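**Student:** Starting off with a structure, shown below.
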Amino acid sequence: MHSSTSSVPAAHGELTTDRLVLRAWTTAEAAAVLDDRRPAGWAGDFPAEGDRVIAGLLTENPAWLGEYGHRLIVERDTGLVVGSIGLFWPPSEGVVEIGYGVVASRRGRGYASEATRALAAHALAGPGVHTVTATAELSNPASVRVLEKAGFRHWSTEESTTRFRITEADLTRR
């Protein structure tokens with residue numbers, strides 16, 4: 001596997017890739033998003049709307065704050081939070097869904113694919129998970145490319161969305 005696809009779990013549950021650190025949200029960070037506060041250490045355009053939605057759901061879904069939950073995407077070079085990514089835990093019949101978002105100022109750098117690849121690998125190494133899925137809007141071809149670059153395979157298409165998945169076997173083929 002290319003080094004940017006590997007992730008190294010730290011003692012406190014962070015995942016580190018070549019250019020990113022994926023670390024768990026704190027309840028204080030979720031509250032800051034909901035209160036429209038912008039702590040130091042966040043990119044100027046973080047949070048995006050999707051991050052606000054997730055922050056609001058974290059209190060209703062405490063498992064999303066655990067080892068297999070939602071994380072902030074931190075740019076290693078700057079230490080700034082530039083997006084979020086997460087697993088909608090717990091898995092159902094061995095399947096868990098992933099969602100992600102990178103702020104506009106950092107798009108086009110491959111961060112979303114790098115983060116998605118790392119968190120999917122982490123999930124597939126977790127208990128009871130054999131497949132990670134993701135859904136992309138057909139009107140968002142950039143999100144489709146993120147999933148393809150992360151090694152996900154197209155699975156199905158419905159009216160306005162397309163679904164992708166990745167398994168442990170897919171990871172070993174790369």
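**Student:** Calculate, for A125 and S156, the FRET efficiency according to 1/(1 + (r/R0)^6) with r their C-beta to C-beta distance and R0 25 Å; round to the nearest 0.05.
**Tutor:** Details: r = 25 Å, r/R0 = 1.02.
With R0 = 25 Å, the Cβ-Cβ based efficiency is 0.50.
**Student:** Within the chain, what whole-number % of the accessible surface is contributed by carbon and sulfur, with the 1.4 Å probe and all protein chains included in the calculation?
**Tutor:** Numbers: 4420 of 8420 Å².
Of the solvent-accessible surface of the chain, carbon and sulfur hold 53 percent.
**Student:** At 1.4 Å probe radius, can you tell me the per residue accessible area of segment 35-174 in Å²?
**Tutor:** Per residue, segment 35-174 has an accessible area of 48 Å².
**Student:** Then there is this: May I ask what percent, to the nearest 5, of DSSP beta bridges between residues of the chain are antiparallel?
**Tutor:** Details: 31 of 35 bridges.
Just about 90 percent of them are antiparallel.
**Student:** Taking only Cα atoms, what is the 0 to 90° angle, nearest 10, from helix 49-58's long axis to the longest principal axis of the chain?
**Tutor:** The angle comes out at about 90 degrees.
**Student:** Can you give me the pair-distance distribution of segment 58-133, C-alpha pairs, 5 Å bins, whole percents?
**Tutor:** It works out to 3, 17, 27, 23, 16, 10, 4, 0, in whole percents.
**Student:** Then there's this: Over all alpha-carbon pairs in the chain, figure out the percentage whose distance exceeds 27 Å.
**Tutor:** 19 percent
**Student:** If each residue of separation counts as 0.36 nm, what is the full-extension length gain between E67 and A142 once their alpha-carbon separation is subtracted? Working shown, then result.
**Tutor:** Working: separation 75, 0.36 × 75 = 27.00 nm, distance 2.77 nm.
Value of the extension gain: 24.2 nm.
The values are calculated or read from the model by the stated rules, or taken from the named source; none is laboratory data. Given the structure is predicted, the values throughout are model-derived calculations rather than measurements. Cβ: placed from backbone, ideal geometry, glycine included. Neighbour counts: every protein chain shown. Protein only, heavy atoms only, side chains kept; ligands, DNA and RNA dropped before computing areas. Shrake-Rupley method; radii C 1.70, N 1.55, O 1.52, S 1.80 Å.
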